[in-house]
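Worksheet: the structure to be examined is printed underneath.
Nothing in this text is a laboratory measurement; each read-out follows from the coordinates by a stated rule. All values derive from a computational prediction rather than experimental measurement. Here the Cβ is made from the backbone with ideal geometry for all residues, glycine too, and neighbour counts use every protein chain on show.
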Ligand code: CS2
């Protein structure tokens, strides 16, 4: 502990003290910035409102040890900077007790998943963390190491000489559930990722993983445990949480008087709608403003199609127009018009409003949230992982519109922008951040690169762009099954508008 670093045992004055959890009740898989600015804040506020401090969170960081190395030296405490249009504020959060990195601490995470005092597992592992094949089924190759580890443990009667480090979040989860099956203590697995029907998707993948690892009678205990004692509610989460910038860290250091390497930044708006289907106890998240409901679907569809769909459109077209931030993109008049077209002409007519929500107002609110310049959310960040996001954001709008006899022009513009983004980043050598990048690059690479210049805007470039676009749109799993070629023509006709 150093005096100039934030720490649970040495808190700055002049700011409300964070919660001091007395036990771990939640294991969270994928403790990135989003979890720390969203579910961990709800958990903190619920503890403050109710005085129940038993809901400490053990965070798990799968891909790198960065978050562990940010939070462990601070005793898990970090701050949240809420960056509003007019004002900003800083609060301390103490609900995260520690962060574990499975590459080095798998045994500890498995033990926490199995512990009867843990009642809830939450996940924000992003769309790509679910290891789905383009058809939605489990990519057993991607989780093969964990499935083999699980099979070996079960074959050895539940005891393993050495615990193999978990290589995937889904694998880790299934291994943890198998260990828990011994006690049979109920547990709720609550996904908080931006996917249609996220709880059902996760449940199916977990069951597929269990069946793949333990196909015979040796899997019966785990299967029976999942059937009887594990639930997978759906949930809709919402808060804009950009990557934290060095400037924001410096700004908060000036406010707190100590350095916080775990700082996260979020907009003032936050929403959490959770399907009320818990296997056992849970934090009183409603005391912190969460909505518990029987049916999350209308909220989830509205959020994915209106907010995330528009976000992606602004990200790709904004990036192409030279805007580094979402706020810059959405206040560009040309992009704003296309965002409105997508929101109000394409997406909105495909939705049923959740009770008490005016979808038009919700759409307007989304546009003004995007226009907040103080979050610093970048177009490049939202543009990441397009192949994983597009099917959930635009797929339903496209399928429903076509079924109703409409060709959604905003979706076409968005898809053209995505394809041009992929093409430009590939040709420039910058590359794209997407788990299917290699496939995309091969599709673009297969088309002729116009010699000399980048060729954009001239006739040859236009022809090349169209060829690439058609190749990219044929990527398996990108567009809904049955999308007619005539719609691809509508997308191709938008190329000129994204080239500017
Ligand atoms: C964004 C989301 O990065 C993205 O793709 O669309 O992370 C968005 O900011 C959140 O879903 C807001 O709740």
I'd like the orientation of helix 198-213 relative to the chain: the angle between its Cα long axis and the longest Cα principal axis, in ° from 0 to 90, rounded to 10. 70
Determine the calculated [θ] at 222 nm for the chain from helices alone, applying -39500 (n - 2.57) to every DSSP H run no shorter than 4 residues and normalising by the residue count; nearest 500 deg cm²/dmol. -13000 deg cm²/dmol
Please give the length that would be gained between residue 245 and residue 497 if that part of the chain were fully extended, namely 0.36 nm times their separation in residues minus their C-alpha to C-alpha distance (nm, one decimal). 87.5 nm
Which FRET efficiency value, to the nearest 0.05, is calculated for residue 259 and residue 156 with the Förster distance at 41 angstrom and r the Cβ-Cβ distance? 0.35
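Can you give the % of DSSP beta bridges in the range 24-293 that are antiparallel, to the nearest 5?
Values: 11 of 36 bridges.
That works out to approximately 30 percent antiparallel.
Restricting to the chain, what percent of DSSP beta bridges are antiparallel, rounded to 5?
Numbers: 13 of 39 bridges.
Counting DSSP beta bridges with both partners in the chain, the antiparallel share is about 35 percent.
What FRET efficiency would be calculated for the residue pair residue 337, residue 287, taking the C-beta separation as r and a Förster radius of 41 Å, to the nearest 0.05? Provide the component values of the computation, followed by the final result.
Working: r = 42 Å, r/R0 = 1.02.
Computed FRET efficiency for residue 337 and residue 287: 0.45.
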On a C-alpha basis, how far is the centre of the range 66-115 from the centre of the range 318-343 in Å? Whole number, if you could? 33
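Quote to one decimal, in nm, the extra length available between residue 64 and residue 269 on full extension: 0.36 nm per residue of separation minus the C-alpha distance between them. Could the numbers behind the result be given before it?
Values: separation 205, 0.36 × 205 = 73.80 nm, distance 2.87 nm.
Length difference between fully extended and current span is 70.9 nm.
Give the calculated FRET efficiency between residue 133 and residue 357 to the nearest 0.05, with a Förster radius of 41 Å applied to their Cβ-Cβ distance. Provide the component values of the computation, followed by the final result.
Working: r = 34 Å, r/R0 = 0.83.
With R0 = 41 Å, the Cβ-Cβ based efficiency is 0.75.
Let a ≥ b ≥ c be the square roots of the eigenvalues of the Cα gyration tensor of the range 24-293; is it rounded (a/c under 1.5), or, if not, prolate (a/b larger than b/c) or oblate?
Prolate is the answer for the range 24-293, as a/c is 1.5 or above and a/b outweighs b/c.
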Could you let me know the centre-to-centre spacing of the range 390-424 and the range 244-284, using Cα atoms, in angstrom? 32
If each of residue 111 and residue 144 carries a label point 7 Å out from its Cα toward its Cβ, how far apart are those two points in nm? 3.1
Counting only the backbone N, which residues of the range 365-380 are under 20 Å from the spot 7 Å out from the Cα of residue 406 toward its beta-carbon? 365-367
Stretched fully, the stretch from residue 430 through residue 489 gains (0.36 nm per residue minus C-alpha distance, one decimal, in nm) 18.4 nm
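How would the range 86-217 be classified by its alpha-carbon gyration tensor: rounded, prolate or oblate, with rounded meaning a/c under 1.5 and the a/b versus b/c comparison settling the rest?
Values: a/c = 1.91, a/b = 1.33, b/c = 1.43.
It comes out oblate by the Cα gyration axes.
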